[in-house]
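Take a look at the structure below.
The values are calculated or read from the model by the stated rules, or taken from the named source; none is laboratory data. All figures in this text were calculated on a predicted structure; none of them were measured in a lab. Glycine also receives a Cβ, built like all others from the backbone with ideal geometry; neighbour counts cover every protein chain displayed.
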Amino acid sequence: MRTTTILIVVIVAVVLWLISIYNSLIRLKNRVDEAWSDIDVQLKRRYDLIPNLVETVKGYASHEKELFTKVTEARSRAMQAGSLHDKAEAENMLSNTLKSLFAVAENYPQLRASENFAKLQDELSDTENKIQAARRFYNGMVRDFNTKIQVFPNNIIAGTLGFKSREFFEIEEAKERENIKVQF
């Protein structure tokens, strides 16, 4: 009788421990998904600002059609990117084309003085800051999730239940680590 009781207590303890690990993995997975959603919201905001910005610059620099095409293509590619790696690459390309757009805009004093352009510039700068904050939050959540599924004995349970490591949303080295300068 005593052995049976001990065996039941051990089995219940193991089951509760497994449930605890499973629930903590689910919580972290959901936090990673939520963090990605935050990035997605900010990227959508950025995508919505770009056509307005391009149209404003077009009014002053209509002969820069190749640049406008590049910005539009980069925006489209970023919006359609599937995997996290493709998304990061596309976002880096979009950032570089936006830098080119702002560099061209510096040649037009009337554009720099435009209230509409200044407002768009401020909104884009604010959006870039929010994207950066969302990236940091997402990467922190991914770090916590990946650590949780890689430590023993969680790795055995996570592997059995099909939990996979998530990728970090990394930025391009060197160039992208610099702040986007939108001074006019």
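The table that follows gives values for the structure above.
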item	result
Residue that is surrounded by the most Cβ atoms within 10 Å (Cβ to Cβ), among those in segment 84-105 that are of a type in the set (Gly, Ala, Ser) and without any contact (Cβ under 8 Å) to a residue 40 or more places away in the chain	Ala90
Residue that is nearest to Tyr60 (Cα to Cα), among those in segment 113-127 that are of a type in the set (D, E, K, R) and surrounded by fewer than 16 Cβ atoms within 10 Å (Cβ to Cβ)	Glu115
Positions within segment 1-26 being surrounded by 12 or more Cβ atoms within 10 Å (Cβ to Cβ) and either in contact (Cβ under 8 Å) with a residue 24 or more places away in the chain or not aromatic (Phe, Trp, Tyr) (or both), in sequence order	Leu18, Ile21, Tyr22, Ser24, Leu25, Ile26
Residues of segment 127-155 satisfying the condition of being farther than 20 Å from His85 by Cβ and among the hydrophobic types (A, V, I, L, M, F, W, C)	Ala133, Val151, Phe152
Arg45 vs. criteria within 24 Å of Ile156 (Cβ to Cβ) and in contact with a helix residue (DSSP H, G or I) (Cβ under 7 Å, 6 or more places away or on another chain)	no
In segment 154-163, the residues that are loosely packed, with under 12 Cβ neighbours inside 10 Å and either touching a helix residue (DSSP H, G or I) at 6+ places or on another chain (Cβ under 8 Å) or small (Gly, Ala, Ser) (or both)	Gly162
Counted residues, segment 50-87 - those being at pLDDT below 85, closer than 27 Å to Arg166 by Cβ and either part of a helix (DSSP H, G or I) or touching a Phe, Trp or Tyr at 6+ places or on another chain (Cβ under 8 Å) (or both)	2
Unmet criterion (only one of (1) at pLDDT 90 or above; (2) over 21 Å from Asp126 (Cβ atoms); (3) acidic (Asp, Glu)) for Asp38	(2)
Any hit, segment 36-45, residues being over 24 Å from Arg166 (Cα atoms) and either surrounded by 18 or more Cβ atoms within 10 Å (Cβ to Cβ) or more than 19 Å from the chain's Cα centre (by Cα) (or both)	no
Check on Glu91, farther than 30 Å from Leu16 by Cα and touching a helix residue (DSSP H, G or I) at 6+ places or on another chain (Cβ under 7 Å)	yes
Residues of segment 125-162 satisfying the condition of being touching a residue at least 24 places away in the same chain (Cβ under 8 Å) and in contact with a Lys or Arg (Cβ under 7 Å, 6 or more places away or on another chain)	Thr127, Ile131, Met141, Val142, Phe145, Asn154
Answer residue from segment 114-124, given it is touching a residue at least 40 places away in the same chain (Cβ under 8 Å) and part of a helix (DSSP H, G or I) and is nearest to Glu91 (Cα to Cα) among those	Leu124
